[in-house]
Amino acid sequence: MSQSNTQRAISELRQLIFSGVLPAGSDHLESELAERLDMSRTPVREAALMLESQGLLAMRPRKGVRILPVSADDMREIYDVLTELEGLSAERAAGYGYGDDDLTALAASIADMDKAVEARALEDWAEADDRFHTELVRLGRNSRAVAIVGMMQDQVRRARATTLYIRPIPTQSNADHRGVLDAIGAGDGALARRIHTRHRDQAKRMILELLEKHRLHTL
């Protein structure tokens, strides 16, 4: 079994879930998914096991897989963990004495978010926001934090995809990101952590409120 087929199955199934082609609550046999992806059932099964560990679907013996909905309770727990780990990363990053060259990727993601907000290109904003958070954790130089945050990003993306077009324009989010960048550049770890923690707490409250409204509207 080639690794490339499994990786392709993971990528394509994730895209089908995020796009809503495989909607939350739907059930699919492995044979159906294998036919859709034009590959054998083995890489599909391996991909499904990986996506199950990421909370995107549930494997059910003899019944295939069920695509899981975005749960407000799950998102509450995920945001609690992300807030702590990303806040720690921001604080640690500020202590490494990074210069402008080291912070180029972080600054570029913020610039792209600003452009996306101005153009009302929310999907572009979401992609740049992903880059900001990924780079922030990388700069914190804690490999376990990187692994844990990476494992949770799929669920965060799904929640954001559900709420992206019903949330307020994220101008405050961009301002918070710039505040974190400035604090890291100034070497102020406490400020970087405080700004980022406040940012994630506000994002959590908004996402949970929107997910609950979306759930009620779709019942």
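Points to keep in mind about this one:
- Where only DSSP H runs of four or more residues are counted, the chain gives -24500 deg cm²/dmol as its mean residue ellipticity at 222 nm, each run worth -39500 (n - 2.57).
- Against the main long axis of the alpha-carbon atoms of the chain, helix 143-163 sits at an angle near 70°.
- Here Cα extents along the principal axes in Å was computed from the coordinates, and among [x] 63, 32, 29; [y] 46, 35, 35; [z] 56, 42, 31 the match is [z].
- Global form of region 142-219, assessed from the alpha-carbon gyration tensor, a/c cut-off 1.5: oblate
- In the context of the full set of protein chains, the chain has a per residue accessible area of 52 Å² (1.4 Å probe).
- Taking Cα atoms only, the orientation of helix 189-218 departs from the longest principal axis of the chain by about 40 degrees.
- Förster radius 35 Å - calculated FRET efficiency between Ser40 and Lys213, Cβ distance, rounded to 0.05: 0.25
- Between the helical axis of 104-118 and the longest alpha-carbon principal axis of the chain there is an angle of about 80 degrees.
- Maximal additional length on extending the Asp182-Ile169 stretch stands at 2.5 nm, based on 0.36 nm per residue less the C-alpha distance.
- Most to least packed among 174-182, 30-38 [average Cβ atoms within 10 Å]: 174-182, 30-38
- Within the accessible area of the chain, the carbon and sulfur atoms contribute 51%, probe 1.4 Å, all protein chains present.
- Region 11-95, relative contact order [Cα under 8 Å, separation at least 6], %: 28 percent
- Within region 129-155, backbone nitrogen closer than 15 Å to the virtual label 7 Å beyond the Cα of Ala111 toward Cβ: 132
- Listed by chain and number, the lysines whose C-alpha is less than 27 Å from the C-alpha of Lys213, apart from same-chain residues fewer than 8 away, are Lys204.
The values are calculated or read from the model by the stated rules, or taken from the named source; none is laboratory data. Note that the coordinates shown come from a computational prediction; the quantities given were computed from them, not determined experimentally. Quick reminder, even Gly has a Cβ in these numbers, built from the backbone with ideal geometry, and neighbours come from all protein chains shown. SASA here: full protein model, heavy atoms, side chains in, ligands and nucleic acids out. Shrake-Rupley method; radii C 1.70, N 1.55, O 1.52, S 1.80 Å.
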